[in-house]
Amino acid sequence: MTQGRISELLVRETGRPVGGKGMSLIVATAGLGFLAAGLAARRPSGGPHTPSATSPRKREALRLSRDGAAIMGSSVLLDSGMEHLRGDYRRDAMYAAPLAGAASMAASMAEPRTGSPGKLIEGVHVGAVATGMAGMGFHLGNVLRRPGGLSWDNLFYAAPLGAPGALIMSGLIGMATHRMARSSGQERRHGRQLAALSAGAMLAETAEVALLHYRGAYHDPAMYLPVTLPPMAAAGLLLEAARPRRRRRGPLRLLLRGVEALGYIGTAFHALGVARNSGGWRNWRQTTMAGPPMPAPISFAGLGKSGRAALDLLDIADDRLGEDSK
Amino acid sequence: MTGPFRTPYPGYDVLDKWDSPSYDDATREVLRARTTPPPRRFLSEARFAVLAALCDTVIPQPRARPVQIAPFLNAALHDDRGTGTRFAVMPPDRDAWPLGLDAIDAEAKAHHDGTGFADLARPERTLVLKEIDAERLRAPDAWQDMPAQKFFRALVLKQIAQFYYSQPAAMSEIGYGGPASPRGYVRLNAQGIDPWEAPYGQWKETDA
Amino acid sequence: MTRPIGRRAAEAETDPRAVNGCAPDVFSRDGTVPMREFPESEEVDFVIVGAGCGGSVLAAKLAEAGMSVVLFDAGPFFRPLSDFASDEYEQEKLYWLDPRVSDGDDPIELGANNSGQAVGGSTVHFQMVSLRFRPEWFKSRTKLGYARDWPVDWQEMWKYYAEVENALKISGPIRYPWGPKRGRYPYRAHEVNEAGLVLARGAEALGVDWAPTPLCTVSAPRGKSPPCAYRGMCKIGCSVNAKQSMLITYVPRAIRAGAEVRDLAMVGRVETGQDGRATGVSYHRGGEWRHQKARNVVLAGYSIETPRLMLNSATSRHPQGLGNSNGMVGRNLMVHSNHAVWGEFEDEIRWYKGPPSMATCEHWNYVDDDPTKDFDGGYSFMSQGPLPGDFAGTLTGATGMFGDELLTAMGKYNRMAGLKIVGETMPAPDNRVTLADESDPLGLPRARVTYAFSDNDKRLQRHSLDFMSKMLGAAGGRNLLETSSTAHLMGGCAMGDDPETSVTDDMGRSWDIDNLWICDGSLMPTAGGVNPAMTILANAARIADRIVAARNG
């Protein structure tokens, strides 16, 4: 069994795998640190690295999208932090996922910059995408190594193939948004791109939820919500990406707010799900790991936001078109 | 012949989890009650001494407070608890045990010039039991047609071993998780152990 | 045996709980649910004796069809959440500890091995392996050339397997590798523990299929049941109610539908009238003998108690016991060979985590033409996870080891893994239940169980030990140890098409007495190479539908 150095060291010292220590290490230091960094960088500095070309409306729309990407980053931080704790941070590489999630969260929170700060931000996003892709490779390897190989049971219980996708999406949306902030105009093109990206992310996320809720036998009818609402929203976004139509956006925006709300409601549902496990919250050390993952649904909130940002951009483009034709 | 047993899990004690979600009220009540062994009621004092020596031979316990086994087996006979099975070749449990304890004592005396089983040192007791398990009997009449090996394995060994290994001290020394309700386990594969389980065992090079 | 056995909730073992219009609420610590009660003088439609796999399903379905039902059980009515401890010795209160006399060339062990005594029966302590019979086994004489045929078609049985699997939300694989296609299981399979992965690695090394075992414990919440917490103590009772035993499924369903349950009620005799038909039962409850009138009496006490009760109910009109004019009652009793191979592994397997048998291999149930297969019938085998006391009993019984040798062997508990078969045995008339010449504390003659393996059974055992040794070795096991044991009971009152060679017809009705029925594992004409629970349940569901249809028709 391949073991990381940190894990080996801990086992040698304590006779145990990483236990609770990894979680506090990652979340407390990295998470809070990056949160602070992100918050600090969030203030529009007006300094030399502020992109000057964007209109205030576009900036607002892109901020919404950045919030979405940041939420997804935080979901990755907490979710992979917890799931990798369940895997006892057996390999050192397992620390990369929550760290990349935290960094991606901070980078998305930060106001877009030009020059070297901008390069840093984009570098973080590229790093998140790369980490996500490497993670998928690792997870696939983990699935294939187990008896049964690419079987349903390993899809359910081995390292989840889809999970690193959230990191990829967080990085991609963060990256795209940052790029868009650096050029003025082009709202229509950017809106369509962001709509397509958000829709793709939503569909990927739905596939992951469908698999896991299937594993949970859809024992509660509410478990069907996150596999019905988001695909509908994604379909709407794809339509917008193909052929933007203003009159569609009202209902679509409502749907996207629904998807966002699902992120928050889902967290509450998962908290109830934890309580339904043996021993409930009193037995949190087992039930938060064995029950439904609390930090997972929140990524829908992020996707709802970035979807709405896409619509906002398209609105801006339409408004400008209207003004031009006057 | 193996040397004295050394636990691979020194320092691990399932009772440390007493106040954790691994224990529920039912388990605490049962274990608390078991710290007070029942009084001797069924077997005579002499037979009880043989039973106690038998327990000490089957499960040597070089610890400050050994797990009490004999009083519980005695109480089970007194209460006519039963096991669900009475082999046709054996008398009922409440007859088989006194008969068998006397026979073991008779075997000891036959081997050791009249010294009873309870008065022998553990190595001698061990040899007497090995002879019985192999049906090499020196006091065959004492068994009155009861098959010695069957008595030794199906009643003596089984009941002593089963009782001992359901007690916390035994669970601790083998690294078993111990009581687990409502909290069970999360990490089911060899790569992981839960924080409330025993740490990895200390295995000698020769066993690992 | 004298109850109480347990310390916790000892009063449940001495004083009936289902009284005064209330039954214990099994999902609470001390609550009750309302329960209908019937006067003893009222002739109820059905008295059912035994609240295990057969009786509970029948009671629920008959009560739901509007019939008046009283369900008796000799054991206590437990509330798992507050009454079950994580303690092997305490939990012996779940077993039938009153001795049966065990005789024959290969006398079997009873009690913990195969006999429960509690409302819910053996499902309170079974290890939840939920497999179906291979279709051909229902016609094993015609199709495979051994033993005898069932009076039932496999497709009908498979329909009822699906019904009970859904009622118990069996957690099983999406695609089952053996036999004809079956729908996916209602709940997803559980994550396979390391002990199960040992089987999986061995199977892959030997090129045979394996599967996560379909288990009768939920992998996701269900109503008031939490998902399995993987505490690994299924054999001593599930204290979190994840296990879908009869106690928390069909029994509450029966009560909701208007059936009455009488716990701590030992039925000692089926009463018959001058016309030879059953009129009710005499039972011991609350310190006295009592009598319940009934239009129909169903025996569901499993393969020892059902024949014992029939034999104990002899009258001048039924001198050989009820339903026994052909002398078949108690005959053709079967067990499963439960032989095992155990080995030590490099890694700590920690087989105590999770249900004991999370992976299974049914290869030898479905292979007929392998040149090494030198026996009739089949066997499945599963990964193992015995509790320490249980495993210590296995070690000492097999080897006679004690002292430091035993302590050292048990010290490797965390590094052990094992494979154990459920091996089909052949029905033989001389393997049987009769009455012993000694009585239990109520004065009822005890059962004498006579059993011997056939040569075919022994060939199957040898084959399985060789195959499992190879597999365990291929998975990395060393210092292998073989052990032999038995599990489960089947037969004793076989159903059949021929009144000369069977006890009941295809719906469990006694050939001799038209209002005396049997509905439990004793009906099984053959044993099959899988755990019997699902087959008993499915057969009970089928019999219930037949009874309802007959009444309505």
Being assigned to a helix (DSSP H, G or I) and out of contact with any Phe, Trp or Tyr (no Cβ under 9 Å at 6 or more places or on another chain): is that true of B:A49 here? no
Within the range C:13-58, take every residue that is closer than 19 Å to C:E288 by Cβ and among the small types (G, A, S) and give me the one that is nearest to the other protein chains (Cβ to nearest Cβ). C:A18
Need the failing condition index for A:M289 against (1) assigned to a helix (DSSP H, G or I); (2) among the aliphatic types (A, V, I, L, M); (3) closer than 30 Å to B:A180 by Cβ; (4) away from chain B (no Cβ under 14 Å), just the number. (4)
Flagged in the range B:173-204 as of a type in the set (S, T, Y) and facing chain A (nearest Cβ under 8 Å), in numbering order, are B:S181, B:Y185, B:Y200
Residues that are out of contact with any Leu (no Cβ under 6 Å at 6 or more places or on another chain), outside any loop (DSSP other than H, G, I, E, B) and not β-branched (V, I, T), drawn from the range C:165-198: C:E165, C:N166, C:A167, C:G172, C:Y187, C:R188, C:E194, C:A195, C:G196, C:L197
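Mind counting the residues in the range B:6-20 that are without any contact (Cβ under 8 Å) to a residue 40 or more places away in the chain and within 11 Å of chain C (Cβ to nearest Cβ)?
So the count comes out to 1.
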Identity of the residue in the range C:81-105, facing another protein chain (nearest Cβ under 7 Å), out of contact with any strand residue (DSSP E or B) (no Cβ under 8 Å at 6 or more places or on another chain) and not in a loop (DSSP other than H, G, I, E, B), that ends up surrounded by the fewest Cβ atoms within 10 Å (Cβ to Cβ): C:S82
Within the range C:76-92, can you find the residues that are in contact with a Gly (Cβ under 7 Å, 6 or more places away or on another chain) and within 12 Å of C:L247 (Cα to Cα)? C:P80
I want to confirm something. Restricting to the range C:302-325 and keeping residues that are under 15 Å from C:R509 (Cα atoms) and not in a helix (DSSP H, G or I), which single residue is farthest from the chain's Cα centre (by Cα)? C:S325
Go through (1) without any contact (Cβ under 8 Å) to a residue 12 or more places away in the chain; (2) assigned to a helix (DSSP H, G or I) and name the single condition A:A235 misses. (1)
May I ask you to verify whether B:Q162 is under 18 Å from the mean Cα position of the chain (by Cα) and buried (at least 22 other Cβ atoms within 10 Å of the Cβ)? yes
Selection status of A:R249, among the basic types (K, R), within 14 Å of chain B (Cβ to nearest Cβ) and part of a helix (DSSP H, G or I): no
Kindly indicate whether any position in the range C:49-68 is outside any loop (DSSP other than H, G, I, E, B), of a type in the set (D, E) and within 29 Å of C:R509 (Cα to Cα). yes
Pairs returned, first residue in the range B:76-100 that is within 11 Å of another protein chain (Cβ to nearest Cβ) and closer than 17 Å to C:S102 by Cβ, second residue that is of a type in the set (S, T, Y) and assigned to a loop (DSSP other than H, G, I, E, B), beta-carbon separation under 7 angstrom, 6 or more apart or interchain, are B:G84/C:S115
Just give me the residues in the range B:21-43 being part of a loop (DSSP other than H, G, I, E, B) and in contact (Cβ under 8 Å) with a residue 24 or more places away in the chain, in sequence order. B:P21, B:S22, B:Y23, B:D24, B:P37, B:P38, B:P39, B:R40, B:R41, B:F42, B:L43
Of all residues in the range C:293-341, count the ones that are of a type outside the set (S, T, Y), surrounded by 24 or more Cβ atoms within 10 Å (Cβ to Cβ) and on the phi > 0 side of the Ramachandran plot. 3
Subset of the range C:185-234 (residues that are over 25 Å from B:P182 (Cα atoms), within 14 Å of chain B (Cβ to nearest Cβ) and among the hydrophobic types (A, V, I, L, M, F, W, C)): C:L197, C:V198, C:L199, C:A200
Quick one: count up the residues across the range B:129-175 that are in a loop (DSSP other than H, G, I, E, B) and among the small types (G, A, S). 4
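Only strands (runs of 3 or more DSSP E) wholly contained in the range C:444-553 count here; list those with 1 or more residues that are farther than 26 Å from C:P356 by Cα.
C:445-450, C:516-518
Every residue in the range C:391-405 that is within 7 Å of chain B (Cβ to nearest Cβ) and closer than 15 Å to B:S166 by Cβ, please.
Correct list: C:A392, C:G393, C:T396.
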For the list (1) farther than 24 Å from C:G385 by Cα; (2) more than 11 Å from chain A (Cβ to nearest Cβ); (3) surrounded by fewer than 24 Cβ atoms within 10 Å (Cβ to Cβ), I need the number of the one condition that C:V164 fails. (3)
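None of the figures in this text is laboratory data; all of them are computed from the coordinates on show. No experiment lies behind these values; they were computed from the predicted model shown. Cβ: placed from backbone, ideal geometry, glycine included. Neighbour counts: every protein chain shown.
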